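**Student:** Here it is: the structure, laid out below.
Just so it is clear, none of the values below were taken in a lab; they were calculated from the coordinates. Given the structure is predicted, the values throughout are model-derived calculations rather than measurements. Here the Cβ is made from the backbone with ideal geometry for all residues, glycine too, and neighbour counts use every protein chain on show.
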Number of protein chains: 2
Amino acid sequence: MEDNETRKKIEVCFSPYLFPLFKDEFDIIVVIDVLRATSAICAAFDNGVAGLIPVSTIEEAREYQAKGYLVGAERQGQIVEGFDFGNSPYSYMVPELKGKTVVLSTTNGTKSINIAKEAGQVVIGSFLNLDVLCEWLEKQDKHILCLCSGWQNKFNLEDTICAGAITDYLVNTGQFRSEEDSSIAAKYLFLSAKDNILGYLKASSHRRRLKNLNLNEDIKYCLTPNQAPVIPILVGDTIQLIKESVSV
Amino acid sequence: MEDNETRKKIEVCFSPYLFPLFKDEFDIIVVIDVLRATSAICAAFDNGVAGLIPVSTIEEAREYQAKGYLVGAERQGQIVEGFDFGNSPYSYMVPELKGKTVVLSTTNGTKSINIAKEAGQVVIGSFLNLDVLCEWLEKQDKHILCLCSGWQNKFNLEDTICAGAITDYLVNTGQFRSEEDSSIAAKYLFLSAKDNILGYLKASSHRRRLKNLNLNEDIKYCLTPNQAPVIPILVGDTIQLIKESVSV
């Protein structure tokens, strides 16, 4: 194991609200919104979408719609009226989207992407691309922050456990270190949860909220690792698939 | 178990920085700063201190000193030059303080007390008064928030585990419910840690920071439950011991 001073940092920020306390120290920001924005983005690229433009507001989403884009918009877990789809990963697994650039606005996830992009290279993280993402991050030799999107600025369990999985992987390589207690807690929570993530999250407030919306299929998909082995990164204002060999 | 609608809330806020997202929904705020402000306050009252005035700034602390008070001040884990003591619990276990009203300013803990007092009845929590505090809270029939003082506005493990212990106790009575994922995570972290809190925290950044300051004796004391079975509450600007029978 290398000395503390030479290893790169891997840390976890629990919500966008806390991001100002972290933002100046990292090269790569892994944005995580497991239920469901970043899972949907991974599913979309795995399905052959060419590009995805994340926008923060419904107004921006409508402007893109007026220009002829296919546009998804979700608030409070539901599709906003007048839009083509919400943030269910299944909406993106359809032939019509292959090769297209689509637009997406969600309650938490796209906001996180837009605040993170001022601070570093944005990469999209979820359980769906966990292993391929970790292997790619390991090669970058950069300071990495996992930014959990949370729920309305508050901590949520599913994003934290996903961040804990990334932290655990990178710390175990011996090339990365975690100094923040938030990163250590995320790792502990992942290690407790990893053998049964769905069961572990059954008490989670967000899962209960989504269950009320009949989203059990979405939840099972979003919590199952490595079903969409892609690495989407933000280039300018558009999320694109990275070429495996590219280093940021 | 009662219905969700009638049970009172017990929730956990991970740091003062997040407090604006929580502050309007609670009657009682349990302020926790395990290492070391709220532990020191419990030790002080257990030792017979009559009152303790928490102040946020060094300037206020100096004003009280000029008026003849015994004043403690700590920043970055160390006693501020020119003050009588810092936030080591052992500083308060001396005969000179019995029956006195003292003043304390610390990096995180006294700031939390001062932001919490606008939002509800402030009660002092630590591992040192864990059981007596939980039993008292159970009787209050109020919405309760555990406010972790954290470290420089960020999450820390020791305060969260203490909050998780309180949450676990109250939820198990059947009279309280937790809806926030932060409260559920705090409970999970406590349940993982409870058989060996010191061992669990050995990776914690704050413990490492204090270890560098040679505070191992303080840490062991602060993490050992029920050594100072007192319930200090804020009345006006002064923390006092509650009479067991009094309800807030």
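**Student:** When you look at the Cβ of every residue in A:151-162, what mean number of other chain Cβ atoms sits within 10 Å?
**Tutor:** Details: counts 2, 1, 3, 9, 13, 5, 5, 1, 1, 3, 1, 0.
If you average over the peptide's residues, the count of other-chain Cβ atoms is 4.
**Student:** Another question, then. Karplus couplings for the range B:109-118 from phi (6.51 cos²θ - 1.76 cosθ + 1.60, θ = phi - 60°), rounded to Hz, Gly and Pro as x?
**Tutor:** Taking θ as phi minus 60°, the curve returns x, 6, 5, 4, 4, 6, 7, 6, 5, 6 Hz for the range B:109-118.
**Student:** Same structure again: Can you list, largest first and rounded to whole Å, the semi-axes you get for chain B by taking the square root of 5 times each eigenvalue of its Cα gyration tensor?
**Tutor:** With the √(5λ) rule applied to chain B, the semi-axes are 27, 20, 16 Å.
**Student:** Highest first, please rank the peptides B:110-116, B:227-233 by the mean number of other Cβ atoms sitting within 10 Å of their residues.
**Tutor:** Numbers: B:110-116: 24.4, B:227-233: 20.6.
Taking the mean over residues of other Cβ atoms within 10 Å, the ranking is B:110-116, B:227-233.
**Student:** List, shortest first and in nm to one decimal, how far the label point of residue B:243 (7 Å from Cα along Cα→Cβ) is from its counterparts in the other copies.
**Tutor:** Copy-to-copy label distances for residue B:243: 7.9 nm.
**Student:** With each pseudo-label sitting 7 Å past Cα toward Cβ, what's the residue A:194-residue B:139 distance in nm, one decimal?
**Tutor:** About 4.6 nm separates the two model spin labels.
**Student:** Right, here's the next one. Using only atoms on other chains, find how many Cβ atoms lie within 10 Å of each Cβ of peptide A:177-188 and report the average.
**Tutor:** Taking the mean over all residues of the peptide, I get 6.
**Student:** Relative to the compact globular guide of 2.2 N^0.38 Å, what is the alpha carbon radius of gyration of the range B:40-100, as a ratio?
**Tutor:** My calculation over the Cα atoms of the range B:40-100 gives 1.04.
**Student:** Sum -39500 (n - 2.57) across every DSSP H segment of at least 4 residues in chain B, then divide by the residue count to get the 222 nm mean residue ellipticity, nearest 500.
**Tutor:** Numbers: 9 runs with 86 residues, N = 248.
Mean residue ellipticity, 222 nm, calculated: -10000 deg cm²/dmol.
**Student:** Let me ask you something else. Hey, any idea what Rg/Rh is for the range A:11-75, computing Rh the Kirkwood way over Cα pairs?
**Tutor:** 1.02
**Student:** Starting from the amide H of residue A:80, placed 1.01 Å from N in the peptide plane, find each other amide H under 5 Å away whose residue is 5 or more places distant or on another chain.
**Tutor:** Distant-sequence amide H within range of residue A:80: A:73, A:74, A:75.
**Student:** Taking the Cα-to-Cβ direction at residue B:202 and at residue B:226 and moving 7 Å from each Cα, how far apart do the two end points lie in nm?
**Tutor:** 2.6
**Student:** Moving on. Once phi is turned into θ = phi - 60°, what whole-Hz ³J(HN,Hα) does the Karplus curve with 6.51, -1.76 and 1.60 give for every residue of the range B:126-140, x standing for Gly and Pro?
**Tutor:** 6, 5, 5, 10, 4, 5, 5, 5, 4, 5, 5, 4, 4, 6, 6
**Student:** I would also like to ask the following. So for chain A, averaging the separation of alpha carbon pairs under 8 Å that are six or more residues apart and normalising by length, what relative contact order in percent results?
**Tutor:** 33
**Student:** How charged is the neighbourhood of residue B:56? Take every other residue with its Cβ under 15 Å from the Cβ of residue B:56, and add Lys/Arg as +1 and Asp/Glu as -1.
**Tutor:** With Lys, Arg at +1 and Asp, Glu at -1, the net is -3.
**Student:** Summarise the partner chain shielding of B:9-16 as one whole number: the mean count of Cβ atoms from other chains within 10 Å of each residue's Cβ. Could the numbers behind the result be given before it?
**Tutor:** On the way: counts 0, 0, 1, 1, 2, 8, 4, 0.
Shielding by partners across B:9-16 averages 2.
**Student:** How high is the FRET efficiency between residue B:173 and residue A:96 when r is their beta carbon distance and R₀ equals 45 Å, given to the nearest 0.05?
**Tutor:** Working from the Cβ atoms, E equals 0.25.
**Student:** Skipping prolines and chain starts, which residues have an amide H placed within reach, meaning under 5 Å, of the one on residue B:242, given they are 5 or more residues away or on another chain?
**Tutor:** It is B:231, B:233, by chain and number.
**Student:** So what are the ³J(HN,Hα) numbers for the range B:179-193, from phi and the Karplus equation (6.51, -1.76, 1.60; θ = phi - 60°), rounded to whole Hz, Gly and Pro as x?
**Tutor:** Each residue's phi maps through the Karplus curve to give 10, 7, 4, 4, 6, 5, 5, 4, 5, 4, 5, 4, 5, 5, 8 Hz.
**Student:** Percent relative contact order of the range B:1-125, based on C-alpha pairs within less than 8 angstrom and at least six residues apart? Don't skip to the answer; put the middle values down first.
**Tutor:** Values: 195 pairs, mean separation 47.5, N = 125.
Answer for the range B:1-125 is 38 percent.
**Student:** Classify the range A:109-223 as rounded, prolate or oblate from the Cα gyration tensor: take a ≥ b ≥ c as the square roots of its eigenvalues, call it rounded if a/c is under 1.5, otherwise prolate when a/b beats b/c and oblate if not.
**Tutor:** On the way: a/c = 1.82, a/b = 1.42, b/c = 1.28.
Prolate, because a/c is 1.5 or more and a/b exceeds b/c.
**Student:** Which of rounded, prolate, oblate describes the protein assembly as shown, given a ≥ b ≥ c as roots of the alpha-carbon gyration tensor eigenvalues and a/c under 1.5 marking rounded, otherwise prolate only if a/b is larger than b/c?
**Tutor:** Prolate, because a/c is 1.5 or more and a/b exceeds b/c.
**Student:** Considering amide H positions built from the backbone, and no H for Pro or chain starts, which residues 5 or more places from residue A:12, or on another chain, come under 5 Å of its amide H?
**Tutor:** A:146, A:183
**Student:** To continue, here is another question. Can you work out which chain A residue has the shortest Cβ-to-axis distance for the rotation that carries A onto B, and give it in Å?
**Tutor:** Checking which Cβ lies nearest the axis yields A:192, 3.
**Student:** On the principal axes of its Cα set, how long, how wide and how thick is the range B:82-153? Give whole Å, largest value first.
**Tutor:** Dimensions of the range B:82-153 along the principal axes of its Cα atoms: 42, 28, 19 Å.
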